[in-house]
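What follows is one structure encoded as structure tokens, with my remarks underneath.
The values are calculated or read from the model by the stated rules, or taken from the named source; none is laboratory data. All of these numbers come straight from a predicted model, not from anything done at the bench. Cβ placement follows ideal geometry from the backbone for every residue including glycine, while neighbour counts extend to all protein chains displayed. Ligands, DNA and RNA are excluded from the accessible area calculation, which covers all protein heavy atoms including side chains. Shrake-Rupley method; radii C 1.70, N 1.55, O 1.52, S 1.80 Å.
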Amino acid sequence: MNTGSATLSNVNPAVFRELAVTVAVVLIATVLVFTVALLAATTAATLARLDGATYPAAIKQAGVTFAAVITLATAVTGALF
């Protein structure tokens with residue numbers, strides 16, 4: 001007797017696989033964005049120090065660059081979806 005409620009035993013396994021792939025792609029994309037943001041921030045801090053900036057000023061520049069990359073990634077994601 002089927003009461004109409006879905007249980008895990010009668011759900012197509014492809015649904016769970018599709019969900020797992022979606023979660024994996026989102027996690028990989030998130031790690032990639034944070035890696036690019038960290039690399040950009042490190043580069044900005046290094047260039048600031050080579051230009052003669054103090055350590056606090058270089059760290060501030062790195063933070064601004066990191067925030068800018070994360071904001072840009074958020075804006076692009078929002079525009080795509």
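Yes or no: Leu19 open to solvent by 90 Å² or more (accessible area, probe 1.4 Å), part of a helix (DSSP H, G or I) and modelled with pLDDT of 95 or more?
It is false that Leu19 is open to solvent by 90 Å² or more (accessible area, probe 1.4 Å), part of a helix (DSSP H, G or I) and modelled with pLDDT of 95 or more.
Looking at segment 44-81, which of the residues that are of a type in the set (Val, Ile, Thr) and open to solvent by 50 Å² or more (accessible area, probe 1.4 Å) is farthest from the chain's Cα centre (by Cα)?
Thr54
Against the condition open to solvent by less than 50 Å² (accessible area, probe 1.4 Å) and touching a Gly at 6+ places or on another chain (Cβ under 9 Å), how does Ala14 come out, does it pass?
Values: open to solvent by less than 50 Å² (accessible area, probe 1.4 Å): yes; touching a Gly at 6+ places or on another chain (Cβ under 9 Å): no.
For Ala14, the condition - open to solvent by less than 50 Å² (accessible area, probe 1.4 Å) and touching a Gly at 6+ places or on another chain (Cβ under 9 Å) - is not met.
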